[in-house]
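See structure below.
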Amino acid sequence: MKVTDHIEKANGETLFSFEIIPPVKGKSIQELYDNIDPLMEFNPPFIDVTTSREEFVYIDRDGLLDKKLTRMRPGTLGICASITHKYNVDTVPHVLCGGFTKEETEYLLVDCHYLGIDNVMALRGDAMREQKYFEATKGGHPYASSLVKQIQELNRGNYLHEVIETDNCSDFCIGVAGYPEKHMESPSLKSDLKRLKDKVDLGADYVVTQMFFDNQKYFEFVDEARKMGITVPIIPGIKPIAVKRHLQLLPQVFRVDIPQDLVDAVEICKTNKEVRQVGVEWCIQQSKELKEAGAPVLHYYSMGKSDNIRAIANEVF
Ligand code: FAD
């Protein structure tokens, strides 16, 4: 079922969902199940599975370094299929521009359709680790907007190199990313919102936001988006701080602000267990307020262990 249909069916009630990251190569999927199991009692209507783009590794061959491309966390679609099969829940694979040609994307979408996947999240992806800026893959998309367009064309039977008339067209519901504190490369929040509007005009059905720690940022973002004519659901993405290092890491990687009260509360913690508890308490307050304000879904970024997401959901749902 489509994410937008889940939201409509909930009739104003806030839903719980979360995002997981595929395990690194060589790890067992059981570890993932062990982290999903405790969250299933909160009835997530959908679970997102991220995609990691390719990266370079250097292999020492008799003193000479051989540079090779690899994917550390393959398996997004396989994991989606296993989760849907095991838990009977919708899954949302993240589809990236970076690292994929349009043809590869088409094959991936065809596989998604065969697997009965109704939703995809269309994303540009970040620059590769060694690059300063994102560079479009040869034969791939430069922005998420053109990926959205490809998916919508496929929904109409317009494949890249042929039109296939069929009564079995895909009908993907498309999610895209939004940034309450603007995307790091964007000159202003307004121009970033215009880009978001482009994605919606091209056929995106809903937006999931980057993490934020101050709800006001989300509320203002939703207001500005509505003023600009973006009417689709805007789902807040929420991440509990889990280790002290997040105070530097999250602003650096995601360009998000952390409110001073939260910084102070984390800084006085003596152990990571205490930090985790502070993160949980902050998120409970954030979640309660977002729910109260009528957010359609609270979407949690669950990186690894899910005990903190469970503790939050226990208080909120
Ligand atoms: P876009 O919408 O293409 O925007 C990228 C930048 O380009 C923005 O600054 C925008 O303002 C600008 N822009 C857009 N169109 C144009 C144009 N026509 N001309 C000039 N500028 C333009 N990354 C992963 O690698 N894997 C994941 O699974 C993943 N999941 C994510 C899930 C969520 C909910 C979010 C919020 C992010 C996720 N990301 C993921 C990170 C995402 O890929 C990065 O934030 C990336 O840098 C931007 O992706 P986007 O889809 O927002 O790009």
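The values are calculated or read from the model by the stated rules, or taken from the named source; none is laboratory data. Values in this document were obtained by computation on a predicted structure and should not be read as measured data. In this analysis, Cβ positions are derived from the backbone assuming ideal geometry, glycine residues included, and neighbour counts consider all displayed protein chains. For the accessible areas, the whole protein counts, side chains as well, though only heavy atoms, and no ligand, DNA or RNA atoms are used. Shrake-Rupley method; radii C 1.70, N 1.55, O 1.52, S 1.80 Å.
Descriptive notes on the structure:
- Taking (1) open to solvent by less than 60 Å² (accessible area, probe 1.4 Å); (2) more than 13 Å from the ligand (Cβ to nearest atom) in turn, residue 144 satisfies each apart from (2).
- Residue 105 β-branched (Val, Ile, Thr), in contact with a Gly (Cβ under 8 Å, 6 or more places away or on another chain) and within 16 Å of the ligand (Cβ to nearest atom): yes
- When we screen 73, 124 for residues that are at pLDDT 90 or above, within 13 Å of the ligand (Cβ to nearest atom), closer than 23 Å to residue 203 by Cα and open to solvent by 20 Å² or more (accessible area, probe 1.4 Å), the only hit is 124.
- Note on segment 24-51: residues that are buried (at least 19 other Cβ atoms within 10 Å of the Cβ) and in a loop (DSSP other than H, G, I, E, B) total 3.
- Of all residue pairs spaced 6 or more apart or on separate chains, those with beta-carbon atoms under 8 Å, a first member in segment 148-165 that is more than 13 Å from residue 102 (Cα to Cα) and a second member that is open to solvent by 50 Å² or more (accessible area, probe 1.4 Å) and assigned to a loop (DSSP other than H, G, I, E, B) are 152/202; 155/171; 157/164; 157/165; 157/166.
- Residues being within 16 Å of the ligand (Cβ to nearest atom) and under 17 Å from the mean Cα position of the chain (by Cα) - total across segment 33-58: 9
Condition check ((1) open to solvent by 60 Å² or more (accessible area, probe 1.4 Å); (2) more than 23 Å from residue 5 (Cβ to Cβ); (3) part of a loop (DSSP other than H, G, I, E, B)) across all residues:
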position	(1), (2), (3)
112	no, no, no
149	yes, no, no
174	no, no, no
181	no, yes, yes
195	yes, yes, no
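- For residue 114, the conditions (1) within 12 Å of the ligand (Cβ to nearest atom); (2) free of Cβ contacts under 8 Å to residues at least 40 places away in the same chain all hold with the exception of (1).
- Count - residues of segment 165-197 that are of a type in the set (D, E, K, R) and within 19 Å of the chain's Cα centre (by Cα): 6
- In this entry, residue 20 passes the filter for residues that are under 13 Å from residue 304 (Cβ atoms) and either within 16 Å of the ligand (Cβ to nearest atom) or open to solvent by less than 30 Å² (accessible area, probe 1.4 Å) (or both).
- Hits in segment 258-281 - residues which are within 22 Å of residue 36 (Cα to Cα), surrounded by 15 or more Cβ atoms within 10 Å (Cβ to Cβ) and of a type outside the set (Val, Ile, Thr): 276, 277, 279, 281
- Residue among 222, 232, 253 that is away from the ligand (no atom under 11 Å from the Cβ), part of a helix (DSSP H, G or I) and closer than 27 Å to residue 93 by Cα: 222
- Matching residues in segment 185-203 - criterion: being closer than 20 Å to residue 216 by Cβ and either hydrophobic (A, V, I, L, M, F, W, C) or more than 7 Å from the ligand (Cβ to nearest atom) (or both): 188, 189, 190, 193, 196
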